[in-house]
Structures are given as structure tokens and as C-alpha cells.
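The values are calculated or read from the model by the stated rules, or taken from the named source; none is laboratory data. In this text, all values refer to a predicted model and were calculated from it rather than measured experimentally. Glycine also receives a Cβ, built like all others from the backbone with ideal geometry; neighbour counts cover every protein chain displayed. The protein model used for the area step is the full one, side chains on, heavy atoms only, and it has no ligands, DNA or RNA in it. Shrake-Rupley method; radii C 1.70, N 1.55, O 1.52, S 1.80 Å.
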Amino acid sequence: MSKQRVAENIELWQKRQANYEANDFEMVYSNWINQSLAQMSPSLSSKFFSKLDDWLFHTHAFLQGSSFQEDARARILSVGRVFSGDIKEIWEMKQLTIDQLTYIADQQTAKSRLYAFAQGGVTGTGGWLLLSIDFPLMVAMNLRTVQLIGLTFGHEMNHPYEMMLSLKVFHAATLPKRLQAKAWEELVEEIKNEGNPYVYMGDDRLTDQTWLEQPLKQVFKSVFIMMFRKKLFQGIPLISVAIGAQANYSLTKQVAEFATKFYQYRYLWEEEGN
């Protein structure tokens, strides 16, 4: 019964994504980005997005090799053993029920949202150093969120296929909502055509002009923080802190929801025997 309930929730979520209609501001914003990039030479544009992809790949690899990730991996296995004492490796997490896996994933994402809220609040104090590292930190935190959810559902994130898939999940989750339904369909096709976990044979390009809307939103957030940082309440720029905290929390919540729905869908699809 729980599988059916989760499947119904995913279907309802997919319908909301597919029926999402962008407002006038979003369309004007999108057109402005497209027109700005159209003035850039194709070769320069290609190099820019290639460098951006490389940065995401390196960030993913760095996170995978960090002690924080190893600690998180151990915690996931430890919680998994509460439900099944036989679990020793990440792939064995798949023997748990979807409710149990979702519960563990929700534990991980709750911490991620809390960290994003705190980090955004600190950024909201308006220091130049904090503002300059805000976007790289948010990318790293949300990539890690996707990785933790993938690990929870029994997928080793250091395998080339899983690495690329998790990057595409992150990319799709940070796209404008009007584009997420199409990105979801592409991800579903990815898992249906899954090949060797040690070799990725698909398209390894990630970013393009549509994805730039999210980084530019972070820039606008920084501008608003700078505008209100001198409006102090008992010595604290509360408006700037609130802007930073809310923006970062909302983004991490969006990424966590998308990633959880995707790995739930993948679990159900694999359970059905492909």
C-alpha cells in the first residue's frame, strides 16, 4: 500500500510540474538572459558552459572525497541497520521499504535545509567575503544533498554513471520550474537506458543558458542584501538576514524535494523489474 501511495504522490507532483505556468516576470527575465547570451560568440559561449560543467564535476568529486561525506555515509548505514541489521554496504539499503528509505532521506534533507537557512542568514549580514562565496557554497551544499539522497536509496555516488546522474538531478532541480517537467522526462529516460555503472555513455553536458537563471537569482539576492544591510534592528540587519536565509532555504527545499521524488521513482521502477 505504501508503494502505491508514494507512486500517487509522485504522479501528482509530476502533474503540478507539468501544469506550471510561468508568470510575466519570469518570461521577461528569461528573454533578457537569452538576448544577452545571443550577443556572445558561439565559441565563447561554448567555452563558458564547458568550464561551468568542469567546475560542477570537480565540486562533485571533491565532496565525494571529503571526510564529511564519509561520515554521512557511515550515518546512513547506521540508520539503515536500525531497520535491517544485515546492511553493511550502501547497495544493501535497497532491501529496505520505500517508507523507511524516505524517512532516512528526510532526515538528511532536514539537516541540509537547516544548514542552508543558517548559511543564508550569515550571508545576509552583508560581508563582501560571505557574499562572494555564497553561490559556490550553495552549489556544494545542494550537490551534497542530492548525493546523500542517492546514497540513502542505495546508489554509490562515486561510480561514473551515478555521478553523472546525480549531477543531472541537481541540474534539473535547480532549473526554473517551467522547465523541470521536461528535465524530469529526460532523467526517466536515463534510468530506463541505464548501462554499465562504471562507464557513462550518455551526453555529459549539463549547463546551458536556461540554467543561468538560478545563478543570476543569487546575484540579485546579493544586491538586495547589500541594499538593506544598513537597516539595522538592535545592531542586526534583520531584513538582509531574512532575505539570505529564506532564499537559500527555499532553493535547498526545492532541490531536496526533486531529488527525493526522483530516487523514489527510480526505486519503484527497479522494484517492478524494469
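Report whether or not Gln100 is part of a helix (DSSP H, G or I), closer than 17 Å to Ala259 by Cα, of a type in the set (S, T, N, Q) and more than 19 Å from the chain's Cα centre (by Cα). The answer is yes for Gln100. Among all residues of region 224-237, there is none that is in a helix (DSSP H, G or I) and within 30 Å of Ser46 (Cα to Cα). Checked against the criterion of being more than 28 Å from Glu11 (Cα to Cα), in contact (Cβ under 8 Å) with a residue 12 or more places away in the chain and either in a helix (DSSP H, G or I) or out of contact with any helix residue (DSSP H, G or I) (no Cβ under 9 Å at 6 or more places or on another chain) (or both), the candidates Met163, Met138 yield just one match: Met138. When Tyr200, Tyr263, Tyr267 are screened for being open to solvent by less than 50 Å² (accessible area, probe 1.4 Å), at pLDDT below 80 and either part of a helix (DSSP H, G or I) or hydroxyl-bearing (Ser, Thr, Tyr) (or both), only Tyr200 passes.
When restricted to residues that are in contact (Cβ under 8 Å) with a residue 60 or more places away in the chain, open to solvent by 70 Å² or more (accessible area, probe 1.4 Å) and assigned to a helix (DSSP H, G or I), region 19-38 contains 0. Check off (1) under 26 Å from Lys94 (Cβ atoms); (2) surrounded by fewer than 20 Cβ atoms within 10 Å (Cβ to Cβ); (3) of a type outside the set (A, V, I, L, M) for Lys182 and give me the number that stays unchecked. If we test Lys182 against (1) under 26 Å from Lys94 (Cβ atoms); (2) surrounded by fewer than 20 Cβ atoms within 10 Å (Cβ to Cβ); (3) of a type outside the set (A, V, I, L, M), just (1) comes out false. Number of residues in region 124-164 that are aromatic (Phe, Trp, Tyr) and over 25 Å from Ile243 (Cβ atoms): the value is 2.
Can Phe258 be described as hydrophobic (A, V, I, L, M, F, W, C), open to solvent by 40 Å² or more (accessible area, probe 1.4 Å), modelled with pLDDT of 80 or more and out of contact with any strand residue (DSSP E or B) (no Cβ under 7 Å at 6 or more places or on another chain)? The answer is no for Phe258.
Inspection of region 39-60 finds no residue satisfying the criterion of being over 26 Å from Met164 (Cα atoms), in a helix (DSSP H, G or I) and out of contact with any Phe, Trp or Tyr (no Cβ under 6 Å at 6 or more places or on another chain). In region 1-32, of all residues being more than 22 Å from the chain's Cα centre (by Cα) and aliphatic (A, V, I, L, M), the one that is nearest to Ala259 (Cα to Cα) corresponds to Met1.
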